[in-house]
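One structure below.
The values are calculated or read from the model by the stated rules, or taken from the named source; none is laboratory data. Just so it is clear, the structure is predicted and the values come from calculations on it, not from any experiment. Reconstructed Cβ throughout: ideal geometry from the backbone, glycine too, with neighbour counts over all protein chains shown. Please note that ligands, DNA and RNA were not included when accessible areas were found on the heavy atoms of the full protein model with its side chains. Shrake-Rupley method; radii C 1.70, N 1.55, O 1.52, S 1.80 Å.
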Amino acid sequence: MMKSGKNILSAVDIESAKRWTEELYALEKGGSYANFPAAAEYCRKSLAEAGFENIEIIEHPADGKSSSFDCTMPPAWDICGRSFLQIAGENTILADTNNIPYAAAPWSGATPPGGVSGELVALVPGDEVSDVKNKWVLLTIYDGSNPRGEFLEKLRSNGAVGVAAVDFKGGQDYPDALRWYNGTGRFGWYPVAGEERLPLFSLSGKTGKMLLEKLAKG
């Protein structure tokens, strides 16, 4: 049986919590492995300032092979330069890591030098995969889930060149926001060493709706 206590606001400094969140986000927003040591040190320093003692930073090999608890640690992943997605022949930029770093989803595969172009087709996760060879796939997600690695592998093995995923469920309330996609590993939550991956971009609900309208017009 639960017993009511003091309002949590009486024990938590909301402004400090906001500041810690914003400062930690500024360090980790790119999702790159290179950002994580500074983020870990920020957490260690903050805990020490709060009065904790004997704080230890434990490093895990980011090699896609070593395990920690019940998870194989994913290989280190970094955004190298600018990654962007645009409509060929137009100046319309659909996703750009210079504006939002996680527009390229964590553990997205790399494109060939100079990028890769292809026709766009729309699919829902779980659809029958057939005619995707040399095409980009607009993955339309309506239940708030992540693009699962098993389905992404079907697209890759059938010749797709990349995926642009849209969370239309979240886009109902936040049409301009991008979803942070995770859980894209083929054999588990994260990719493992040697696992081939498609380029994977995150699009806003507004951008996804615009692309569906263009596809409907042919």
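Loop-resident GluC sites (Glu not before Pro) (DSSP state other than H, G, I, E or B) in segment 78-148 with no more than 16 further Cβ atoms inside 10 Å of their Cβ: 90, 128. With a Cα-only, solvent-free Debye model of segment 35-87, what are the log10 I(q)/I(0) values at q = 0.14 Å⁻¹? The computed values of log10 I(q)/I(0) come out as -0.59.
Considering only 72, 21, 184, give the residue with the highest GNM mean-square fluctuation for the chain, with springs between Cα atoms whenever their separation is below 10 Å. It is 21. Given in Å, the Rg to one decimal and the Dmax to the nearest whole number for the Cα atoms of segment 148-204 are 12.4, 38.
Quick check: at a probe of 1.4 Å, how many percent of the accessible area of the chain sits on carbon and sulfur atoms? C and S fraction of accessible area: 53 percent. Rg/Rh, computed from the Cα trace of segment 1-128 with Rh as the Kirkwood radius, has the value 1.09. Binning the C-alpha pair distances of segment 83-208 at 5 Å intervals from 0 yields a P(r) profile of 2, 12, 22, 26, 23, 12, 3, 0 %, listed from the shortest bin outward. Heavy-atom accessible area with a 1.4 Å probe sorts 94, 139, largest first, into 94, 139.
Net length available on complete extension from residue 209 to residue 63 is 48.8 nm, with 0.36 nm assigned per residue and the Cα-Cα distance removed.
Accessible area per residue (1.4 Å probe, heavy atoms of protein chains only) ranks 43, 80 as 80, 43, with the largest value leading.
When peptides 103-112, 55-64 are ranked by their average number of other Cβ atoms within 10 Å per residue, the highest-first order is 103-112, 55-64. Bridge orientation summary for the chain: considering DSSP beta bridges with both residues in this region, about 30 percent are antiparallel.
Relative to the longest principal axis of the Cα atoms of the chain, helix 36-49 runs at roughly 20 degrees.
Place a point 7 Å from Cα of residue 29 in the direction of its Cβ. Which residues in segment 81-99 have their backbone N less than 13 Å from it? Correct set: 97-99. Think of a 1.4 Å ball rolled over the protein heavy atoms: the chain then has 63 Å² of accessible area per residue.
Seen from a random direction on average, the alpha-carbon convex hull of the chain projects onto 16.4 square nanometres.
For segment 97-169, a Kirkwood hydrodynamic radius built from all Cα pairs, placed in the Stokes-Einstein relation at 10 °C and 1.306 mPa s, yields a translational diffusion coefficient of 123 µm²/s.
Only helical runs count toward this figure. For the chain, summing -39,500 (n - 2.57) over DSSP H runs of n ≥ 4 and dividing by all residues gives -7500 deg cm²/dmol at 222 nm.
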